[in-house]
1. Which condition from (1) in contact with an Asp or Glu (Cβ under 9 Å, 6 or more places away or on another chain); (2) at positive phi is the one that residue 52 breaks?
2. So residue 43 fits all but one of (1) surrounded by 18 or more Cβ atoms within 10 Å (Cβ to Cβ); (2) over 11 Å from the mean Cα position of the chain (by Cα); (3) β-branched (Val, Ile, Thr); what number is the exception?
3. Would you check which residues across the stretch 46-62 are free of Cβ contacts under 8 Å to residues at least 24 places away in the same chain, assigned to a helix (DSSP H, G or I), surrounded by 15 or more Cβ atoms within 10 Å (Cβ to Cβ) and not β-branched (Val, Ile, Thr) and list them?
4. Looking at the stretch 9-27, which of its residues are of a type outside the set (D, E, K, R) and either in contact with a helix residue (DSSP H, G or I) (Cβ under 7 Å, 6 or more places away or on another chain) or closer than 11 Å to residue 69 by Cα (or both)?
5. Residues in the stretch 12-38 that are among the charged types (D, E, K, R), closer than 27 Å to residue 79 by Cα and assigned to a helix (DSSP H, G or I): how many?
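Coordinate-derived values only; no laboratory data. These figures come from a predicted structure and were not determined experimentally. Cβ atoms come from the backbone with ideal geometry, glycine included; neighbour counts cover every protein chain shown.
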Amino acid sequence: MKARTHIEKVIADEAATVLQLDHLDTDANLFDHGCDSMRAIDIAMRLEAAFDVDMTVTDVFDYPTVRLLAEQVRRRSDSS
């Protein structure tokens, strides 16, 4: 599924860059597309910078799709 929101698009673009993919569907599991612990750290750091929210490598493991990560970004943005 393609990104529907700005947050999903940014996350998909950042994750695709880290994973060296042309694009990434919102429901695709990052770990099925080459993500590992080092890449998860990179993704978490990029999302922190892009959205000014706290994101950890554990978040990438716990919410391993663009859609799930976007939900977390929205929740954390709303609570700050």
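1. (1)
2. (2)
3. 48, 59
4. 10, 11, 12, 15, 18, 19, 21, 23, 24, 26
5. Counting residues in the stretch 12-38 that are among the charged types (D, E, K, R), closer than 27 Å to residue 79 by Cα and assigned to a helix (DSSP H, G or I) gives 2.
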